[in-house]
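In what follows, a single structure is set out as structure tokens and then discussed.
The values are calculated or read from the model by the stated rules, or taken from the named source; none is laboratory data. None of the values given here were measured: they were computed from a predicted structure. Don't worry about glycine lacking a Cβ; one is built from the backbone with ideal geometry, like all the others, and counts go over all protein chains shown.
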Amino acid sequence: METNTEDQNTPQAKRDPRALNAYRHGLTGQVVVRTPEDEAAYTAHCQNMHQSLAPDGGMEVELTQDIADDRWRLKKAVAMQENIFAMGLATPAPISTNHPEVDAAFSQARVWLTSSKEIALYSLYEHRIQRKLEKNMAQLRQLQEDRRKALQQAVEEATLLAQAAESKAEPFDPERDFPLQARYPQLVFSTPEFARLVAYNRRLADAKKQFPAAKPPLRQAA
């Protein structure tokens, strides 16, 4: 994300550890305000999600970012609820039992009674985010499964065409003889990458013919 703030090394920036910076989201272009620490944690979180989900193509990347943002919001909502109870522990209790654990339990109960509406709203907020998160995850998985099947079909088709060309002693050029982007526009592959997949598939098919898997021995009747 781009940062719109003053130099962090200036005395004014160092003076207040709670200083907020404005950041422009790289995908949406929206400006958000966070502390530098939160921004670093958010960036690392998004990078981990993109690395884990491995999106390919614009739609998958956007869905992955939505998933990352929703998981971030869930974490913040949980932290906010915990902070509400922590504020109750920091507030002097009207009655003290002189027992730290009992006083802490009473403080949490007092927070529940006085802030139950806010806590319920956060719970509803979490539930809605979770439903949206599950919906986006299902859509992402479906897109990735469709892409995987399309790639498998494209490789099989190109492999058959390459084998047919070889049987006629004719050259086979994937870029010329198999226009990948025209047939499968959802696949984000360069011609050299696709050609390597086709070559690998052909070598694998030849190896299976040359070295067929050994059949398991027949079980003898007792």
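From the list F106, F172, exactly one residue is aromatic (F, W, Y), part of a loop (DSSP other than H, G, I, E, B) and modelled with pLDDT under 90. Which is it?
Checking each option against the conditions leaves just F172.
Within the range 69-111, can you find the residues that are farther than 30 Å from Y42 by Cβ and touching a residue at least 24 places away in the same chain (Cβ under 8 Å)?
Result: no residue meets the conditions.
Give the residues of the range 71-123 that are farther than 30 Å from S52 by Cβ and among the polar types (S, T, N, Q), sorted by residue number.
T91, S96, T97, N98, S107, Q108, T114, S115, S116
Residue-wise test of (1) within 20 Å of E60 (Cα to Cα); (2) at pLDDT below 85.
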residue: H127; (1), (2): no, no
residue: E134; (1), (2): yes, no
residue: L151; (1), (2): yes, no
residue: F189; (1), (2): yes, yes
residue: Y200; (1), (2): no, no
residue: Q210; (1), (2): no, yes
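Does the range 145-183 hold any residues that are closer than 19 Å to A54 by Cα and surrounded by 13 or more Cβ atoms within 10 Å (Cβ to Cβ), and which are they?
R147, A150, L151
Just checking, which of Q139, Q186, Q130 is in contact with a Gly (Cβ under 8 Å, 6 or more places away or on another chain), touching a residue at least 40 places away in the same chain (Cβ under 8 Å) and surrounded by 12 or more Cβ atoms within 10 Å (Cβ to Cβ)?
The unique qualifying residue is Q186.
Check off (1) in contact (Cβ under 8 Å) with a residue 24 or more places away in the chain; (2) closer than 30 Å to Q139 by Cβ; (3) among the charged types (D, E, K, R) for E118 and give me the number that stays unchecked.
Tallying (1) in contact (Cβ under 8 Å) with a residue 24 or more places away in the chain; (2) closer than 30 Å to Q139 by Cβ; (3) among the charged types (D, E, K, R), E118 fails exactly one: (2).
Restricted to the range 7-66, and to residues that are over 18 Å from L140 (Cα atoms), modelled with pLDDT of 90 or more and small (G, A, S), which residue is surrounded by the most Cβ atoms within 10 Å (Cβ to Cβ)?
Checked the range 7-66; the qualifying residue surrounded by the most Cβ atoms within 10 Å (Cβ to Cβ) is A41.
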